[in-house]
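Engineer: Dropping a structure here in structure tokens format, bear with me for questions.
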Amino acid sequence: MGVQQLFELSGRVALVTGGSRGLGLQMAQALGEMGCRVALVARKADELAEAEAGLKAQGIEAAGFACDLQQATTVVPALVDAVVARFGDIDILVNNAGASWAAPAEDYPDAAWRKVMSLNVDAPFVLSREVGRRCMIPRRRGKIVNIASAAGLRGTAPGVHTIAYNTSKAALINFTRTLACEWGPHGIHVNAICPGFFPSKMSAGLLDTIGDAVIARTPLRRLGGDEDLKGAIVFLASGASRHISGQVLPVDGGASAL
Amino acid sequence: MNSPAAGNHAGLLLLLPPAGTRVVVAGGCGGIGRAFVAAAQAAQLELVVLDLERSIAAAPPPPGVLAIACDALHEDQVQRALGEVGAHWGACDALVNLVGYTHERTPVERLPSAQWDDIVDGTLRSAFLLSREVIPLLKAGRAPSMVHTSSTFGVRVSMPGYAPYAAAKAGVINLVRALATELAPAVRVNAVAPGVVDTAFLQGGTGQQEKLERIDPAQFAASVPLRRVGQPSDIVGPLLFLIGPGSAYMTGQTLHINGGIWS
């Protein structure tokens, strides 16, 4: 197999949740640059339209699908219908949409806990189940990449109060391993990426207060940037990772190695 | 290429080491080494292979690849080999270290200490020696990185009789973290950790004369989520990814390539 073919993704259909901005848009763009047709899923239609237009301007075939994955059980069947009708069977599912909420554990509101769990854990499960049984199991192939977080590998730094987020991302990591075991025999690969701190709308407030400390304890001495997830997502979506499943890839400047 | 876009090419440029990247491949004549060398040469990387003299004789690297005989058990040979690399290139951009081997399965209670030493030295001390000697060359290189080789055995010991190998491969994982911490941000250091790969290694390693008790690939495959043993070519993409710009924000990590058996 030639080197180009190892990373080849031309014509593959990728669905990226939380794809209208931040890390999701970065990964959608990377997959598009490698030839994928990209379905972006997000809640806000205006942000989706902007992301779709931006990708199309780069020659990438993309379409936005507005839906609220907080209501995954209700909305996912119609979402998958719409994506399959537009692009055909989904080859690559990137479960990226996520939410966080900061409050000390003793004061943490039930509603915030439920909201974080619902988007970060329930939605990847419901969407993987639907895409798996409709598009992947019948064709005996598929790539699922769950975007967990370095926060799923350990607790929090002093002054950080994100117990639901850390808990949900650890759950997503073991969801990844377990689904890899169950669906490996169907030829489906399931892996996770654990980004460290990347500036985004979600992390902005936190990075204002702890950004310098994060950089100081990151071996590569910087936060994640606009290109840093592109290699990992293309690698895990392509044949280059054809014998890798159930794995968790930290992309965090080495912070989790300390 | 008839694929659309700007796309493909731009994407690959972000992912793969650029043409002309200078890579030392230690253990480059083994099964995984040969697959990597062929792919890296096709990607227009510059290569030097280090391996045992008998391994080079048995499986000579392709034309255009400099082969240097080196037994990584011996400090002086590692120093001399990396000295030759320095004389050849003046610097180097990546080390891919595939050196490692084991012997016949032996339970600890019957394990001679010489056998322990040989396996641990050949698998872990060799990684230390190669790292120490290549660091100055990498520091003078472009976007430098190292990739060492651990194993599923480094995290999960699924068969008795491999204590020194399992201990050494676990050591590689933490050596990589230590090197990553020491060398950041200048040099990135990561590892690949293959599971059972269908090479001569199943009989001890390309350079080894001893024959191991054979693992039956078909029987083993039934326990792997992806239902097959690894092939040398499975390790090529991960190695290229880890020495390339696509992993620029990764260091200190071990990437397991085993069809999902350690999950």
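The values are calculated or read from the model by the stated rules, or taken from the named source; none is laboratory data. None of these values were measured; they are calculated from a predicted model. Backbone-built Cβ (ideal geometry, glycine too); neighbour counts: all protein chains shown. We work out accessible area using only protein heavy atoms, side chains counted, and drop any ligands, DNA or RNA first. Shrake-Rupley method; radii C 1.70, N 1.55, O 1.52, S 1.80 Å.
Engineer: Within segment A:157-170, is there a residue that is crowded, with 19+ Cβ neighbours inside 10 Å and modelled with pLDDT under 95?
Structural biologist: Let us first name the residues in segment A:157-170 that are crowded, with 19+ Cβ neighbours inside 10 Å, namely A:162-166, A:168-169.
Those still in the list that are modelled with pLDDT under 95 too: none.
No.
Engineer: If I filter segment A:233-249 down to residues being open to solvent by 10 Å² or more (accessible area, probe 1.4 Å) and not β-branched (Val, Ile, Thr), which single residue comes out as nearest to residue A:5 (Cα to Cα)?
Structural biologist: For segment A:233-249, the residue satisfying everything is A:239.
Engineer: Right, next: Checking residue A:174 against (1) outside any helix (DSSP H, G or I); (2) open to solvent by 10 Å² or more (accessible area, probe 1.4 Å); (3) within 14 Å of chain B (Cβ to nearest Cβ); (4) out of contact with any His (no Cβ under 7 Å at 6 or more places or on another chain), which single condition isn't satisfied?
Structural biologist: Residue A:174 satisfies every listed condition except (1).
Engineer: Follow-up question, since we're still on this one. Hey, can you tell me all the residues within segment A:110-152 that are touching a strand residue (DSSP E or B) at 6+ places or on another chain (Cβ under 6 Å) and among the aliphatic types (A, V, I, L, M)?
Structural biologist: A:131, A:136, A:144, A:145, A:147, A:148, A:150
Engineer: With respect to the numbered conditions (1) more than 9 Å from chain A (Cβ to nearest Cβ); (2) at pLDDT below 95, which one is the sole condition not fulfilled by residue B:195?
Structural biologist: Of everything listed in (1) more than 9 Å from chain A (Cβ to nearest Cβ); (2) at pLDDT below 95, residue B:195 misses just condition (1).
Engineer: Got a sec? Which of A:245, A:168 is under 16 Å from the mean Cα position of the chain (by Cα) and part of a loop (DSSP other than H, G, I, E, B)?
Structural biologist: A:245
Engineer: Turning to a different aspect of this structure: Could you go through segment A:211-226 and let me know if any residue there is assigned to a loop (DSSP other than H, G, I, E, B), β-branched (Val, Ile, Thr) and under 19 Å from residue A:251 (Cα atoms).
Structural biologist: yes
Engineer: Moving on. Could you please find all residues in segment B:237-263 being among the β-branched types (Val, Ile, Thr) and facing chain A (nearest Cβ under 7 Å)?
Structural biologist: Within segment B:237-263, the first condition is being among the β-branched types (Val, Ile, Thr), and the residues that meet it are B:243, B:251, B:254, B:257, B:261.
Scanning segment B:237-263 gives B:251, B:257.
Engineer: Examine segment A:98-109 for a residue that is of a type in the set (Asp, Glu) and in contact (Cβ under 8 Å) with a residue 40 or more places away in the chain, and state whether such a residue exists.
Structural biologist: no
This table checks each residue for (1) more than 20 Å from residue B:28 (Cβ to Cβ); (2) within 19 Å of the chain's Cα centre (by Cα); (3) open to solvent by less than 10 Å² (accessible area, probe 1.4 Å).
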residue: B:101; (1), (2), (3): no, yes, no
residue: B:110; (1), (2), (3): yes, no, no
residue: B:113; (1), (2), (3): yes, no, no
residue: B:118; (1), (2), (3): yes, yes, no
residue: B:137; (1), (2), (3): no, yes, no
residue: B:142; (1), (2), (3): yes, no, no
residue: B:195; (1), (2), (3): yes, yes, no
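Engineer: Those residues that are closer than 22 Å to residue B:263 by Cβ and either modelled with pLDDT under 90 or open to solvent by 20 Å² or more (accessible area, probe 1.4 Å) (or both), I need them from segment B:198-231; list them, please.
Structural biologist: B:198, B:215, B:217, B:218, B:219, B:220, B:222, B:223, B:226, B:227, B:228, B:231
Engineer: Can you tell me how many residues within segment B:108-161 are touching a His at 6+ places or on another chain (Cβ under 8 Å) and farther than 18 Å from residue B:78 by Cβ?
Structural biologist: Within segment B:108-161, residues that are touching a His at 6+ places or on another chain (Cβ under 8 Å) and farther than 18 Å from residue B:78 by Cβ number 3.
Engineer: Please determine whether any residue of segment B:103-111 is closer than 13 Å to residue B:49 by Cα and of a type outside the set (D, E, K, R). Spell out the reasoning first.
Structural biologist: Within segment B:103-111, the subset closer than 13 Å to residue B:49 by Cα is none.
Looking for residues that are closer than 13 Å to residue B:49 by Cα and of a type outside the set (D, E, K, R), one finds none in segment B:103-111, hence no.
Engineer: State which residue is least open to solvent (accessible area, probe 1.4 Å) when the search covers only segment A:1-31 and only residues that are aliphatic (A, V, I, L, M) and in contact with a Phe, Trp or Tyr (Cβ under 8 Å, 6 or more places away or on another chain).
Structural biologist: A:13
Engineer: Where the second residue is surrounded by fewer than 23 Cβ atoms within 10 Å (Cβ to Cβ) and part of a loop (DSSP other than H, G, I, E, B) and the first is more than 7 Å from chain B (Cβ to nearest Cβ) and of a type outside the set (Val, Ile, Thr) and lies in segment A:211-240, which pairs have Cβ atoms under 6 Å and are six or more apart or on separate chains?
Structural biologist: A:223/A:197; A:223/A:199
Engineer: For segment A:135-150, name all the residues that are surrounded by fewer than 17 Cβ atoms within 10 Å (Cβ to Cβ) and at negative phi.
Structural biologist: A:137, A:138, A:139, A:141
Engineer: Can you name every residue in segment A:13-31 that is touching a Gly at 6+ places or on another chain (Cβ under 7 Å) and over 23 Å from residue A:196 (Cβ atoms)?
Structural biologist: Once the filter is applied, which keeps residues that are touching a Gly at 6+ places or on another chain (Cβ under 7 Å) and over 23 Å from residue A:196 (Cβ atoms), segment A:13-31 yields only A:13.
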